[in-house]
Amino acid sequence: MDLAWTLGAAAFSGALVGLLLTVFGGGGSVLATPLLIYLVGVRDPHVAIGTSAAAVAVNAAMGLATQARAGRVKWPCALVFGGAGLAGSLLGAHLAKQMDGEQLLAWFALAMALVGLSMLAPRKSEGDPAVRLTPGLTARLAPVGLATGFAAGFFGIGGGFLIVPGLMASTGMTLAHAAASSLVSVTLFGAATSASYAAAGLVNWPVFAAVVAGGAVGAAAGAPSAKALAGRADMARRGFALMVIATAAYVAWRALG
């Protein structure tokens, strides 16, 4: 395939994912792998997952810097959750690399469907904005972080749709603080997963660079769109969730057909 087309399609994919992440938050990055396979033309599902995980880690790190400056990150809770999940993400990535590519895509389609369904659930913002880490909270955070990290590593996704409710359920923090704090884990899990794939030569670095560059443009373009949709956020989010579910059905059909 022509290199210019490949990199252009990768940049477009990154811009689309960046825009969707900015507008809808967690869940947008789950489209990165299908776009790399079916639009960009990355033939090996393992390379697509490794490359998208690396791009998600970079985009999450940029978002984390913004949230940290705004003072929304609950660092002690976020670091316990992310630290526990780091081991899980490495284990998940290791197991995923042993699977047949098409079988892995079928499992990925299931994860996508769960992401879409989770986005259809009502979102609650109540919580304690002054939550602090205690031994009891640590005991609850660590196992949830470990399990979430495993899922993120296995499926090569950021895992924000799991991390946010996990943080809220374990600590009682607000949705805003959980969304900001989740970026610590998304960055760590994505970095660990992509490092595991990169060690096996399963990251396409030129495509990665194009996706990251496109993601920055998409994120900038998404800001005014997010404001415009503020009054119809629930309806827009439901529409996006249905698109994710439809994409999951297509991925499953291609993988199992």
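Taking the conditions exactly as written (at negative phi and either in contact with a strand residue (DSSP E or B) (Cβ under 7 Å, 6 or more places away or on another chain) or surrounded by fewer than 18 Cβ atoms within 10 Å (Cβ to Cβ) (or both)), does Ala10 satisfy them or not?
When the stated conditions are applied, Ala10 does not pass them.
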Among the candidates Thr33, Thr66, Thr6, which residue alone is without any contact (Cβ under 8 Å) to a residue 12 or more places away in the chain and polar (S, T, N, Q)? Thr66
In segment 121-133, the residues that are at negative phi and at pLDDT below 80: Ala121, Pro122, Arg123, Lys124, Ser125, Glu126, Asp128
Would a scan of segment 113-132 turn up a residue that is touching a Cys at 6+ places or on another chain (Cβ under 9 Å), in contact (Cβ under 8 Å) with a residue 12 or more places away in the chain and outside any loop (DSSP other than H, G, I, E, B)? no
Find all pairs meeting these conditions: Cβ atoms under 6 angstrom apart; at least six residues apart or on different chains; first residue within segment 203-229 and polar (S, T, N, Q) and assigned to a helix (DSSP H, G or I); second residue modelled with pLDDT under 75 and surrounded by 20 or more Cβ atoms within 10 Å (Cβ to Cβ). Ser225/Val23
Of the numbered conditions (1) among the small types (Gly, Ala, Ser); (2) surrounded by 24 or more Cβ atoms within 10 Å (Cβ to Cβ); (3) part of a loop (DSSP other than H, G, I, E, B), Gly153 fails exactly one; give the number of that condition. (3)
Of all residues in segment 112-150, how many are surrounded by fewer than 23 Cβ atoms within 10 Å (Cβ to Cβ) and under 16 Å from Leu188 (Cβ atoms)? 5
(1) within 17 Å of the chain's Cα centre (by Cα); (2) at pLDDT 90 or above: which one isn't true of Ile163, the others all being true? (2)
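The values are calculated or read from the model by the stated rules, or taken from the named source; none is laboratory data. Fair warning: this is a prediction, and the values are worked out from it, not measured in the lab. We place every Cβ from the backbone using ideal geometry, glycine too, and count neighbours over all the protein chains shown.
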